[in-house]
Amino acid sequence: MTTDLLATDAEQLVRSRLDDLLATHDPASTPAVEFAGARFDAGLAWVWFPEGCGGLGVHPDLQGVVESRMRKAGAPNDMERNVIGLGMAAPTIVTHGTEEQKRRLLRPLFTCEEIWCQLFSEPGAGSDVAGLATRAVADGDEWVVNGQKVWTTLAHTARWGLLLARTDPEVEKHRGMTYFIVDMHAPGVEVRPLRQITGEAEFNEVFFTDVRIPDSARLDAVGAGWQVAMTTLMNERVAIGGGVSARSAGPIHDALHIWRQRGGGTAAEKDRLLQHWVRAEVARITNMRARERRRAGTPGPEGSVVKLVSADLNKDIYSLCVDLLGMTGTLYPTHYEMRRPDRASIGGGDVRHSFLRCRANSIEGGTSEVMRNILGERVLGLPGEPRTDKAVPWSQVPHN
Ligand SMILES: Cc1cc2nc3c(=O)[nH]c(=O)nc-3n(C[C@H](O)[C@H](O)[C@H](O)COP(=O)(O)OP(=O)(O)OC[C@H]3O[C@@H](n4cnc5c(N)ncnc54)[C@H](O)[C@@H]3O)c2cc1C
């Protein structure tokens, strides 16, 4: 472990690993999987993870050095295919997994040879995910799972799923859950597409019928599912709120691109564009500050700030984009045929698609109302919401 390295030594270590990686793997000609594998082995996947797990045990802030060098070198990057794996599964496994789980799962996750999905939400449990009903019952050294999940992004491409299930209905809801890694190809797992406003089915319903999961695929202790889920969810907000990108990158880049292509616009449009640019820049700097303050481990509620802000901002930016396009903005780039994309992302594509896709930003990963609750309670210290099901066994709480 190198956690005790002085900051300058740590930065030097990161820079010298980058030099070695780029000298031995030409970014222009090395296939994406091979390049990502070498990057993982060099400890440059997530620099704050322990050595051997794709990291160097250094401060998370140094990840920025890696990302910017990768961008400049034009390193191959196919990671949008595995947003849930990279942003959520990896930190959850490294925090709660056994050595065997880390060794088996992290490398193919980073190379995107194995895609991940998140199986939390259910028809009767979304914002209140701790109310979920999918049951896992112990049977020898296996668990038998029955139930249904919904809105499962990329379940159709996933090899592994992060599954939160109820293992003890007789205790209070937060204490009766256990967290598993489920093989999405196991018998009894059925994935059905759900079509979105964009016409595509990025997400799915997932049904479990007598699915058997070995106990070795459990993450952390029986009954500790909520604590493990918090690691996933806090990282999800950071992942959705956005990493620290270059200035004027991401959705605001799309607006600037249209503006330039169009040769400008009215004073009122320019005012909107500048206001959005300023908000994007403030969000970017807030992300930088959050990253600098972040210690290795589970991120704090600051991830919810940018998640909340960027949900509204993205909607405003893409509304401006379609307005700038005039009548063309009312057309749609496809025949609205059903597609099952292999990545879940907005920005960088057709802005009319992004305009529709970003409607979901204030729902996915926790709604904006729920983000406000979290920030009110955990950052501002306001009184908590009334919780009538506290200290009541889950089985005695009315469910729909
Ligand atoms: C594009 C997309 C992708 C998704 N991907 C995944 C995925 O991969 N895996 C997964 O598990 N889930 C996924 N989700 C589900 C997502 O996490 C839930 O939709 C979200 O948490 C809201 O839950 P719900 O849909 O059940 O709405 P509900 O919880 O029923 O909420 C309905 C409304 O009530 C409001 N509300 C609820 N509780 C409160 C409260 N306490 N205070 C104030 N207002 C409240 C909400 O803000 C919302 O407006 C995805 C959703 C979308 C849109």
Discussion item. Compute a Gaussian network model of the chain, connecting alpha carbons closer than 10 Å, and tell me which residue from GLU302, GLU292, GLU236 fluctuates the most.
Written reply: GLU292
Worksheet entry | FRET efficiency, 1/(1 + (r/R0)^6) with R0 35 Å, evaluated for GLU51 and ARG212 via beta carbons | 0.50
Worksheet item: How many nm is it between the label spots at ARG343 and VAL278, if each spot is 7 Å from the Cα in line with the beta carbon?
Response: 3.3 nm
Worksheet entry | Spin-label model distance (nm) - GLU100 vs ALA7, 7 Å beyond Cα toward Cβ | 4.2 nm
Worksheet item: the stretch 252-400: D in µm²/s via Stokes-Einstein (Kirkwood Rh, Cα pairs, 4 °C, 1.567 mPa s)?
Response: 71 µm²/s
Worksheet item: So what are the three principal axis dimensions of the stretch 153-242 from its Cα atoms, in whole Å, longest to shortest?
Response: 41, 35, 23
Item to complete: Place +1 on the Cβ of every Lys and Arg and -1 on the Cβ of every Asp and Glu in the chain, take the dipole about the Cα centre, and give the residue among ILE374, VAL309, PRO299 whose Cα lies farthest towards its positive end.
Response: VAL309
Worksheet item: So, with a 1.4 angstrom probe, what is the percent of accessible area on the chain that is carbon and sulfur?
Response: 54 percent
Worksheet item: Between ASP323 and GLN396, 0.36 nm times their residue separation minus their Cα-Cα distance comes to what?
Response: 21.2 nm
Practice prompt. With viscosity set to 1.306 mPa s and temperature to 10 °C, compute the Stokes-Einstein D of the stretch 89-170, Rh being the Kirkwood radius across alpha carbon pairs; µm²/s, no decimals.
Written response: 113 µm²/s
Item to complete: Please work out the ratio of the alpha-carbon Rg of the chain to 2.2 N^0.38 Å and round it to two decimals.
Response: 1.01
Worksheet item: Among all the lysines, which ones have a C-alpha under 18 Å from LYS390's C-alpha, if same-chain residues fewer than 8 places away are not counted?
Response: LYS173
Practice prompt. For the stretch 371-386, just list the computed ³J(HN,Hα) in residue order, Karplus coefficients 6.51, -1.76 and 1.60, θ = phi - 60°, integers in Hz, with x standing in for Gly and Pro.
Written response: 4, 5, 4, 4, 5, x, 7, 8, 9, 8, x, 6, x, x, 5, x
Worksheet item: Between ALA186 and VAL222, what FRET efficiency follows from the Cβ-Cβ distance if R0 is 22 Å, with the result rounded to 0.05?
Response: 0.65
Item to complete: From the C-alpha gyration tensor of the stretch 290-370, pull out the three semi-axes of the equivalent ellipsoid (sqrt of 5λ each), sorted largest to smallest, in whole Å.
Response: 30, 15, 11
Discussion item. Can you tell me the convex hull volume per residue for the stretch 27-139, based on C-alpha atoms, in Å³ to the nearest whole number?
Written reply: 135 Å³
Worksheet item: At what distance in nm do the modelled label points of ARG195 and ASP141 sit from each other, each positioned 7 Å from its Cα along Cα→Cβ?
Response: 4.7 nm
Practice prompt. For ARG262 and LEU331, calculate 0.36 nm times their separation in residues minus their Cα-Cα distance, and state this gained length in nm to one decimal.
Written response: 23.1 nm
Item to complete: Write down the accessible area per residue of the chain in Å², having rolled a 1.4 Å probe over the full set of protein chains.
Response: 47 Å²
Fill in: Helix-derived mean residue ellipticity, 222 nm - over the chain, DSSP H n ≥ 4, -39500 (n - 2.57), to 500
-12000 deg cm²/dmol
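The values are calculated or read from the model by the stated rules, or taken from the named source; none is laboratory data. Computed from a predicted structure; not experimentally measured. We place every Cβ from the backbone using ideal geometry, glycine too, and count neighbours over all the protein chains shown. Remember, those area values only see protein heavy atoms, side chains included, never the ligands or the DNA or RNA. Shrake-Rupley method; radii C 1.70, N 1.55, O 1.52, S 1.80 Å.
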